[in-house]
1. Using Cα pairs closer than 8 Å and at least 6 residues apart in sequence, work out the relative contact order for region 329-382, in percent.
2. Place a +1 charge on the Cβ of each Lys and Arg in region 247-399 and a -1 charge on the Cβ of each Asp and Glu, then give the dipole magnitude about the Cα centre in debye, rounded to the nearest 20.
3. Could you work out the relative contact order of region 330-444, using alpha carbon pairs under 8 angstrom and six or more residues apart, expressed as a whole percent?
4. Lys and Arg at +1, Asp and Glu at -1: add these up for the other residues within a Cβ distance under 14 Å of Asn173 and post the number.
5. By a straight-distance test (C-alpha under 20 Å), which lysines pair with Lys65 as possible cross-link partners, with residues fewer than eight away in the same chain excluded?
6. Roughly how many percent of the accessible protein surface of the chain is carbon and sulfur, given a 1.4 Å probe and a whole-percent answer?
7. What does DSSP give for the chain in terms of the percent of beta bridges that are antiparallel, rounded to the nearest 5?
8. Pop a pseudo-label 7 angstrom from the Cα along the beta-carbon direction at both Glu351 and Asn133 and give the gap in nm to one decimal.
Amino acid sequence: MPDMTDHPNQLLINGEFRDAAAGATFTAQDPARGAELATVARAGTEDVDAAVAAAREALTGAWAKTAPAKRSRMLNRLAQLIDERTDEIAELESRNVGKAKWQCAAEVKVAVSTLELFAGTAQHLYGRSHVVNPSVVTYTLREPVGVVGAIIPWNYPFMMAAWKVAPALAAGNTLVLKPASATPMSALLLGQLALEAGIPAGVLNVVPGPGGEVGEAIATHPGVDKVAFTGETGTGRRIAEAAASTLKRVSLELGGKSPNIVFGDADIEAAVLGSLWAIYYAAGQSCEARSRILVEDDAYDDFASAFAERAKGLSVGDPLAAETKVGSLISRAHADKVRGFIDIGLEDGGELLAGGREVDGLGDGLDPDAFVPPTVIGGVANDARICQEEVFGPVVTLTRFGDEAEAVKLANDVRYGLAATVWTGDGSRGHRLAQRIHAGAVGINTPFIAFPGVPFGGLKESGYGREQALESLDLYTETKAVLQNTSPKPINPLGV
Ligand code: NAD
């Protein structure tokens, strides 16, 4: 086990790192090496109660007394501390997720920018004023929703935490943050850095533990006012149901099966390079992965052969190595599931153009069962299971279309609606499709759709709510109307 003694591994409740009330622990893994990474305290419902109590206390106590300008300074300070420790956080994340370290470092920088973005908003949460009639003036206050239960997945643990923590704190909320049980390490470190940045005890509490117990306890807890969730669509549905019992506010960032549409008039080389990133970044374990490539008939053969060649050339291996483009998956069990999808795709008539079940030439000390090579399955119909279900691995399908209308139909013919990319040399066509595709974000000749400041979130079964942009503040504030009678005469509505 590498030396993890510098990193927090206990629950963070009310500003203190402590063992779970029941003394339980679990082991965080280094999936690429098939090794144990650290022993971590495992929260239970009693710990959730304590974390919620601390968050409630801080909500009306220390955090309510912290002026917006000061909150802004603290968030900027937190961003700075994270920035200074980028390499360390990236290595921790890479070891725990199996993702290439340079990608983890890029995500740490996104977390920094996200905190800076929302630090700037803390002092600009304005309401509006209005003269209703000569006797009534009204203004609105934007108040924090309250205690936010943030439940996040394992694929971008640090960045996803920042996406929720930054707007929630900027708007004056307090949090109970639950990282995925596979990836508790970086969220605990974020909690430690928040304390170092001067954010008061109890404002950010971190409780790693299993979703079915700790996540469920957060979603049903009467002391939690809102749940901000990122994860699978099925889990999101369960959380929305659980949260309904206490009518909590809920925002859901869920799964995807996003299309990547290549027209014959596109710059095919640019489309190939961008499409590689759009599926193989994070070994395909991205909600926004463009996992269905739709290619116009006349470009299909050229695109398919160029894309498959490049996919074969991507280096798969040690996540800590600078040249690695594709690291391991989160676990052997998840890699098995992805391999199962490759079988399903081939049974459904797909043709294997690159990759497959096994990786060749992995370095020493790595667990081959946790890796899946960049895989391309050509000639699949859009209604095949592999085109409809989220694989969440480095597997992409290629499907032909005849014309623009068919491209739109195939792009939308799926239950998800998170992201899309359109590759075309016709500028007006890009914008035309942007209006017709059912997705929260559409890139035209670019695979990148997530930047601090740009709203990120889904339609249909990809969830609701927008993160990483000013719209997110609506998820973390309630609007209160205040009305003032300005008439010199008494109000006598009953005419008595
Ligand atoms: P998951 O749904 O299994 O788990 C997500 C979180 O929910 C974890 O912390 C987990 O412990 C918790 N959880 C599980 N069951 C729960 C329950 N019954 N009640 C409360 N909490 C519970 O998802 P995952 O496997 O960790 O992550 C992968 C999924 O996340 C994919 O579907 C991916 O598309 C999605 N994702 C979406 C976005 C987005 O912004 N739309 C971003 C990243 C990941």
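The values are calculated or read from the model by the stated rules, or taken from the named source; none is laboratory data. This structure is a prediction, so every number in the text was calculated from the model and none was measured. As a convention, Cβ positions derive from the backbone with ideal geometry for all residues, glycine included, and neighbour counts pool all protein chains shown. SASA here: full protein model, heavy atoms, side chains in, ligands and nucleic acids out. Shrake-Rupley method; radii C 1.70, N 1.55, O 1.52, S 1.80 Å.
1. Details: 70 pairs, mean separation 24.9, N = 54.
Rounded, it is 46 percent for region 329-382.
2. On the way: 13 positive and 26 negative charges, 163 e Å.
Computed about the Cα centre, the dipole is about 780 debye.
3. Details: 161 pairs, mean separation 24.3, N = 115.
Once normalised by length, the contact order is 21 percent.
4. Details: positive: Arg56, Arg71, Arg142, Lys164, Lys226, Lys248, Arg249; negative: Glu57, Glu143, Asp225, Asp474, Glu478.
Summing Lys/Arg as +1 and Asp/Glu as -1 gives +2.
5. Cα-Cα hits under 20 Å: Lys480.
6. Values: 9880 of 19320 Å².
On the chain, the fraction of accessible area on carbon and sulfur atoms equals 51 percent.
7. Details: 31 of 68 bridges.
Bridges in the chain that DSSP calls antiparallel: roughly 45 percent.
8. About 7.4 nm separates the two model spin labels.
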